[in-house]
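**Q** Structure incoming, see below.
The values are calculated or read from the model by the stated rules, or taken from the named source; none is laboratory data. No experiment lies behind these values; they were computed from the predicted model shown. Cβ sites come from the backbone with ideal geometry, for glycine too, and all protein chains shown count toward neighbours.
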Amino acid sequence: MQVMSAPTSDIPTLAIRPAELADLDLCLALDPSYSTEFVWQMDLHGEDSQKAVTFRTVRLPRSMRVAYPRDRSQLVAGWKRCDGFLVAVKSERVVGYVALSAHVAEGATWISDLVVERTGRHQGVGTALLNAAGEWARAHALHRLLIEVQTKNYPAIRFCQKLGLAFCGFNDHYYANQDIAVFFARNLR
C-alpha cells in the first residue's frame, strides 16, 4: 500500500495499509467529532411539479462541535459489509482509517467513513487515505470515488473540494439522526 516518507528522520513516516483485526478497537477509539463555524444549508424551492434545490454556505453564530453521524454499533456493522478497510499508521499508532465498498456495476468505490484523529488533522493524513482509496479502487478496476459528508461537516466539504471531488447529489434523510448527506465524486485516471 502507500507509504509517505518524511524528508528527515525527526518526522515520523505515515503508512497506509490494510487494517488488521487488532486495528478495529484502535479505530473505534479515535475521536471522529469535528468543530465547524460553517454549514451547507439546503434550500428547497418550487412546487410539486418542479423543485429546485440549492446549497449555500452559512456562517454559524459560534463554533459548533458535531458528533459523528454513526455510533459504534453502526460503524462495526458497516465495516463488516465493506470490501476494503485501510488504516493510517504514524509512529506505530493508528491515526485514521477509510472504509471502502466496491460497486462494480457502476465502476465506483464508495467511501462511507474517512476518519482522522483530531490531533492528526491538517497533516496530510486524510489526503493520504483518500489517495490510497483511489489506488485501492484502481486495483479493483473501479474508476470513480464517491464519498458522503454531512452538510454540517463543512471541514470535510472543503477537504473534498480541495482534493478535486465535485458535488454530485444529496439525500435529506440519509443518516439515522435524519441529517442531510451530500455526495462528492471524482473520476480516477
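**Q** Name the single residue, out of those in the range 31-83 being part of a strand (DSSP E or B) and among the aromatic types (Phe, Trp, Tyr), that is nearest to Val95 (Cα to Cα). Steps first, answer last, please.
**A** Applying the first criterion (part of a strand (DSSP E or B)) to the range 31-83 yields 34-47, 50-66.
Cutting the leftovers down to among the aromatic types (Phe, Trp, Tyr) gives us 34, 38, 40, 55.
On the way: Tyr34: 15, Phe38: 25, Trp40: 27, Phe55: 32 Å.
Residue satisfying both the conditions and the ranking: Tyr34.
**Q** Return the pair list, or none, for Cβ contacts closer than 6 Å from residues in the range 174-187 that are over 21 Å from Gly107 (Cα atoms) and modelled with pLDDT of 85 or more to residues that are acidic (Asp, Glu) and surrounded by 12 or more Cβ atoms within 10 Å (Cβ to Cβ), at least 6 apart or on different chains.
**A** Sorted first by the residue in the range 174-187, then by its partner, the pairs are Ile180/Asp172; Ala181/Glu148.
**Q** Inspect all residues belonging to the range 146-167 and state whether any of them is among the small types (Gly, Ala, Ser), over 26 Å from Ala22 (Cβ atoms) and in contact with a Leu (Cβ under 7 Å, 6 or more places away or on another chain).
**A** We begin by selecting, within the range 146-167, every residue among the small types (Gly, Ala, Ser); these are 156, 164, 166.
Within this subset, residues satisfying the condition of being over 26 Å from Ala22 (Cβ atoms) are 156, 164, 166.
Checking the rest, the ones that are also in contact with a Leu (Cβ under 7 Å, 6 or more places away or on another chain) come to none.
No, because not a single residue in the range 146-167 is among the small types (Gly, Ala, Ser), over 26 Å from Ala22 (Cβ atoms) and in contact with a Leu (Cβ under 7 Å, 6 or more places away or on another chain).
**Q** Just one of Thr119, Thr109 is surrounded by fewer than 19 Cβ atoms within 10 Å (Cβ to Cβ) and β-branched (Val, Ile, Thr); which is it? Steps first, please.
**A** Values: Thr109 fails: surrounded by fewer than 19 Cβ atoms within 10 Å (Cβ to Cβ).
After applying the criteria, what remains is Thr119.
**Q** Counting only residues that are assigned to a strand (DSSP E or B) and of a type in the set (Phe, Trp, Tyr), how many does the range 144-189 have?
**A** 4
**Q** Oh, and also: Show the residue pairs that are 6+ apart or on different chains and have beta-carbon atoms under 6 Å apart, the first residue being within the range 55-78 and closer than 14 Å to Ser35 by Cα, the second being part of a strand (DSSP E or B) and of a type in the set (Gly, Ala, Ser).
**A** Ser63/Ser35; Arg65/Ser35
**Q** Considering only residues of the range 83-138 that are polar (S, T, N, Q) and over 24 Å from Tyr175 (Cβ atoms), which is modelled with the lowest pLDDT?
**A** From the range 83-138, those polar (S, T, N, Q) are 91, 101, 109, 112, 119, 123, 127, 131; that's our starting set.
Checking the rest, the ones that are also over 24 Å from Tyr175 (Cβ atoms) come to 91, 119, 123, 127, 131.
Details: Ser91: 93, Thr119: 87, Gln123: 94, Thr127: 97, Asn131: 97.
Residue satisfying both the conditions and the ranking: Thr119.
**Q** Somewhere in the range 53-75, is a residue of a type in the set (A, V, I, L, M, F, W, C), in contact with a Phe, Trp or Tyr (Cβ under 7 Å, 6 or more places away or on another chain) and farther than 22 Å from Asn177 by Cα?
**A** Within the range 53-75, none of the residues are of a type in the set (A, V, I, L, M, F, W, C), in contact with a Phe, Trp or Tyr (Cβ under 7 Å, 6 or more places away or on another chain) and farther than 22 Å from Asn177 by Cα.
**Q** Something else about it: Does Asp43 meet the test of being out of contact with any helix residue (DSSP H, G or I) (no Cβ under 8 Å at 6 or more places or on another chain), among the acidic types (Asp, Glu) and modelled with pLDDT under 95?
**A** Details: out of contact with any helix residue (DSSP H, G or I) (no Cβ under 8 Å at 6 or more places or on another chain): yes; among the acidic types (Asp, Glu): yes; modelled with pLDDT under 95: yes.
Judged against the criteria, Asp43 is a match.
**Q** Can you confirm whether the range 144-154 contains a residue that is more than 13 Å from the chain's Cα centre (by Cα) and at pLDDT 95 or above?
**A** Within the range 144-154 (the criterion being more than 13 Å from the chain's Cα centre (by Cα) and at pLDDT 95 or above), the answer is yes, since at least one residue qualifies.
**Q** Same structure again: Hey, Ser112 hits all of (1) under 15 Å from the mean Cα position of the chain (by Cα); (2) not in a strand (DSSP E or B) but one; which does it fall short on?
**A** It is condition (2) that Ser112 fails.
**Q** Return a yes/no flag: does the range 101-114 have any residue that is touching a Cys at 6+ places or on another chain (Cβ under 6 Å) and not hydrophobic (A, V, I, L, M, F, W, C).
**A** Scanning the range 101-114, I find at least one residue that is touching a Cys at 6+ places or on another chain (Cβ under 6 Å) and not hydrophobic (A, V, I, L, M, F, W, C), so the answer is yes.
**Q** So, one more: If you scan the range 21-67, which residues turn out to be under 30 Å from Cys82 (Cα atoms) and among the hydroxyl-bearing types (Ser, Thr, Tyr)?
**A** The answer is Ser33, Tyr34, Ser35, Thr36.
**Q** Right, next: Out of Glu135, Glu148, I need the residue that is touching a residue at least 60 places away in the same chain (Cβ under 8 Å) and of a type in the set (D, E, K, R). Which one? Don't jump to the end; show me each part of the working.
**A** Values: Glu148 fails: touching a residue at least 60 places away in the same chain (Cβ under 8 Å).
Answer to the check: Glu135.
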